[in-house]
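The structure is given below, and queries will be raised subsequently.
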Amino acid sequence: MNGISTHGMVFIHSAPRALLPHVEWAIGRLLGGPTGMSWTRQSLTNAEYRTEYCWAADESFAAVLASELMGWGSLRFEITQEQSNTLEAWRWAYTPRLGLFQGQMDSMGSVLVSEHRMRAILAENGSNISQLKREVRAALGEPWDEELEPYRVAGADAPVIWLRSVGN
């Protein structure tokens, strides 16, 4: 990572105990140093853990981290990246059942769907209203929100740890 140019949040909603050191190592490697992450039990699943924290790093951090974390397949996570001078805000969400969602965000946290994507959804599903609704909901990330919401609520009282890229 080259330097701090943006920041955001990482929410690991559920991770098996065996993966905790691997998740910490991956995040620390990308940030340039140890993370000192604090894990708590995920109350929805006795055998899994959760953590959340703020990060500050270069603009590639969130996308690279999302790619790495989804490779383990058994995590549930969200990563947000705030808008910077050169980059729009983004959100990544992953569940083992749904896979990865990536969406651009506006300043209020709403998902932005491009005109080209909306035209493609209409062209592919315009006459099938139920399929059209499913595709629009997917473009907005609603299935991920529905699946992750119980995990978000279960971690509502968790402490937040601020992390910064080393040397910046």
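Where a number appears in this text, it was derived from the coordinates with a stated rule and is not lab data. All values derive from a computational prediction rather than experimental measurement. Note: ideal-geometry Cβ built from the backbone for every residue, glycine included; neighbour counts use all protein chains shown.
Ranked highest first by average number of other Cβ atoms within 10 Å, how do 115-121, 63-69 line up?
Taking the mean over residues of other Cβ atoms within 10 Å, the ranking is 63-69, 115-121.
If you take the beta carbon distance between Glu124 and Thr45 as r and set R0 to 25 Å, what does 1/(1 + (r/R0)^6) give as a FRET efficiency, to the nearest 0.05?
That gives a FRET efficiency of 0.10.
Nearest 5 percent is fine: what portion of the DSSP beta bridges confined to the chain is antiparallel?
Here the share of antiparallel DSSP bridges comes out near 90 percent.
Would you work out the relative contact order for the chain, in percent, from Cα pairs under 8 angstrom that are 6 or more residues apart?
29 percent
Work out the length of the dipole vector of the stretch 59-116 about its Cα centre, built from +1 on the beta-carbon of each Lys and Arg and -1 on the beta-carbon of each Asp and Glu, and round it to the nearest 20 debye.
320 debye
Once fully extended, how much extra length lies between Gln131 and Ala18, figured as 0.36 nm per residue of separation less the alpha-carbon to alpha-carbon distance?
36.8 nm
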